[in-house]
Amino acid sequence: MPPNRIDVTEPVRVRFAPSPTGSLHVGGARTALFNWLLARHTGGVFVLRLEDTDRERSTPESEAEILRAMSWLGLDWDEGPFRQSERDDVYRAAVDRLRASGAVYPAWETDEELEAQRAAARADKRAPVVRGRRDWSAEDVARFEAEGRRPVWRFAVDVPGETVIDDLIRGPVRFDHANVEDFVVARSDGTPTYNLAAAVDDVEMGISHVVRGEDHISNTPKQMMVMRALGAEPPVYAHIPLILGSDKKRLSKRHGAASVEDLEADGVLAQPARNALALLGWSYDDKTTTFTRDELIERFSIARVSKSPAVFDMKKLEVMNGRYMRSLPKDVFEEELIAYLRKTGYLAQHGPHAEAVARRSAPLVQRKLSKLSEFDVLAGWMFRDLDFEPEAWELLAADVKHSIQAVGGGLGRIDALEPFDLDGVKDALQDQLHILGENAREFLEPIRISVTGQRVSTGVYESIAVLGREEATRRMRLTLARLSELWAAA
RNA sequence: GCCCCCAUCGUCUAGCGGCCUAGGACUCCGCCCUUUCAAGGCGGCAAUCGCGGGUUCGAAUCCCGCUGGGGGCACCA
């Protein structure tokens, strides 16, 4: 454990609180995962809360997608999902209490006045903070109201003063109140802002530890002030580092697969996805890189979370995914593959026998895939008649004479083979390979292409075996015929 | 401009003052496996621990400064 860090062992109440304004990003998923792991590790409670107070941007589709993505990742929640849009009365009651205690005040400044205040502060090399006037006369207020203006409610930040976050990961982080503006707590239409709602909910829901992205750290002192003004003790905070793209900027869509949805569509399985996500900013020791779900729960420690941001590497995830899939029992892999092909519509697109063909193909691709979306590249040929890819045909055409020899030689052995099975095919072709004295690549590649039509595909022996003697030899003869045409033409 | 955070191979990281002539993983490069291709095995390249000062017998590890990177600065969350 890093120095001066305390681990959390008592049962926690944590929450994941996304705003439903898009899909669940890798960064958000990692935050959810850490919260979930902390809850499961300590035998605590994981609360899910949708922060949908921005009615413009929040959508039911996005909410459904986030819930679905979490379920897919196996991150089950114990309470919720709660929606802030359904808790308006709770926030209004909180604002009333803040008004009663004088912790907040009505602010009448116009947008222009606010802008001028911030600009002046900037010019003065001070933080661009806003402090509303608190000494309007009764006449002023009456006039504003007559004009139809409605005030926002701002939190009266104590100046001078200081709020210190005792961050579990970063240690004490101090904020001088001179740099914290009198933030808005209730909009002029009476709706609560994020800082109010989040603070009230964390208190009301009995949240003991808030684990969230570092991008929220400047909000934390504000929320702590609200909690204290409400007479509550703030929870323990842990601000985790951000996840970056390869350009070291915050990970976003332009970096490629950046959401859980994308990973799933790419054919990554949940287990390796969790594994990879957990390893972004967290490690168990100096060697272990693969963890089962239960190992993750058992070994996770918030104290071992790194302070520095991490660049997300899709390639590494793919490698982990490939290894994981290879380690799966045959039948389990087959079911995963079928489920994926069904979900993506691949099966539906390839006719009535597609599922049967895909099931037969499963053992041929298991060893070769790093993600399920590569299935078509390897096994697509099985779903159609022989149809050469241009690059594949070029490989055969590059040395027509040799290709004819290889395919012809292979055909001779296959045609007469008895019994016809995988081992038989393998022995026969290897024997032929010895006779010809060629290297494996020179001899086997043309045969593989003659049967699959693809430059990259499933293995030669397996491909021939899965086709059966009749179909395999038919394809080889077809190839031979085409090669002969080419030969004659030349 | 202001506030906050961060800084070990290209990337993810181990490292808690001597075990570090810095360990592991991914990438990349070789070789092996006479089953090709994006499998597997073995091996290799790769960090003067961002820079400069301290503290100490001894610093990647502690302190200060600098530089660099990131985040935040709404009636968004």
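The values are calculated or read from the model by the stated rules, or taken from the named source; none is laboratory data. As the structure is a computational prediction, the values presented were derived from the model and not from experiment. Quick reminder, even Gly has a Cβ in these numbers, built from the backbone with ideal geometry, and neighbours come from all protein chains shown.
Computed quantities for the displayed model
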| quantity | calculated |
| --- | --- |
| The range A:171-190, subset of a type in the set (D, E, K, R), touching a strand residue (DSSP E or B) at 6+ places or on another chain (Cβ under 8 Å) and surrounded by fewer than 17 Cβ atoms within 10 Å (Cβ to Cβ), residue farthest from residue A:9 (Cα to Cα) | A:187 |
| Residue tally, condition more than 30 Å from residue A:34 (Cβ to Cβ) and touching a residue at least 60 places away in the same chain (Cβ under 8 Å), over the range A:159-183 | 1 |
| Total residues in the range A:216-259, condition modelled with pLDDT of 95 or more and part of a helix (DSSP H, G or I) | 11 |
| Single residue of the range A:364-395 satisfying the filter (under 20 Å from residue A:317 (Cβ atoms) and hydrophobic (A, V, I, L, M, F, W, C)) that is nearest to the chain's Cα centre (by Cα) | A:372 |
| Residue count, the range A:232-287 (criterion: basic (Lys, Arg) and either surrounded by 22 or more Cβ atoms within 10 Å (Cβ to Cβ) or more than 25 Å from residue A:169 (Cα to Cα) (or both)) | 3 |
| The range A:137-158, residues that are hydrophobic (A, V, I, L, M, F, W, C) and surrounded by 12 or more Cβ atoms within 10 Å (Cβ to Cβ) | A:141, A:144, A:152, A:153, A:155, A:156, A:157 |
| Any hit, the range A:301-313, residues being assigned to a helix (DSSP H, G or I) and more than 10 Å from RNA strand B (Cβ to nearest atom) | yes |
| Matching residues in the range A:111-157 - criterion: being among the hydrophobic types (A, V, I, L, M, F, W, C) and under 41 Å from the mean Cα position of the chain (by Cα) | A:114, A:119, A:121, A:127, A:129, A:130, A:152, A:153, A:155, A:156, A:157 |
| Strands (runs of 3 or more DSSP E) lying entirely in the range A:97-207 (those with 3 or more residues that are touching a Leu at 6+ places or on another chain (Cβ under 9 Å) and within 11 Å of RNA strand B (Cβ to nearest atom)) | A:184-186 |
| Residue under evaluation residue A:417, criteria (1) more than 23 Å from residue A:362 (Cβ to Cβ); (2) outside any helix (DSSP H, G or I); (3) within 8 Å of RNA strand B (Cβ to nearest atom), criterion not met | (3) |
| Filter result for residue A:62 (surrounded by 15 or more Cβ atoms within 10 Å (Cβ to Cβ) and in contact with a Pro (Cβ under 6 Å, 6 or more places away or on another chain)) | yes |
| Number of the condition not met by residue A:392 [criteria: (1) among the aliphatic types (A, V, I, L, M); (2) over 22 Å from residue A:482 (Cα atoms); (3) in contact with a Lys or Arg (Cβ under 6 Å, 6 or more places away or on another chain)] | (2) |
| Test: residue in the range A:420-436 that is charged (D, E, K, R) and within 23 Å of residue A:388 (Cα to Cα) | no |
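Residues are listed down the side, and each one gets a yes or a no for (1) within 13 Å of RNA strand B (Cβ to nearest atom); (2) under 20 Å from residue A:251 (Cβ atoms); (3) in a helix (DSSP H, G or I); (4) of a type in the set (Val, Ile, Thr):
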position: A:30; (1), (2), (3), (4): yes, yes, yes, no
position: A:33; (1), (2), (3), (4): no, yes, yes, no
position: A:39; (1), (2), (3), (4): no, no, yes, no
position: A:46; (1), (2), (3), (4): no, no, no, no
position: A:63; (1), (2), (3), (4): yes, no, yes, no
position: A:72; (1), (2), (3), (4): no, yes, yes, no
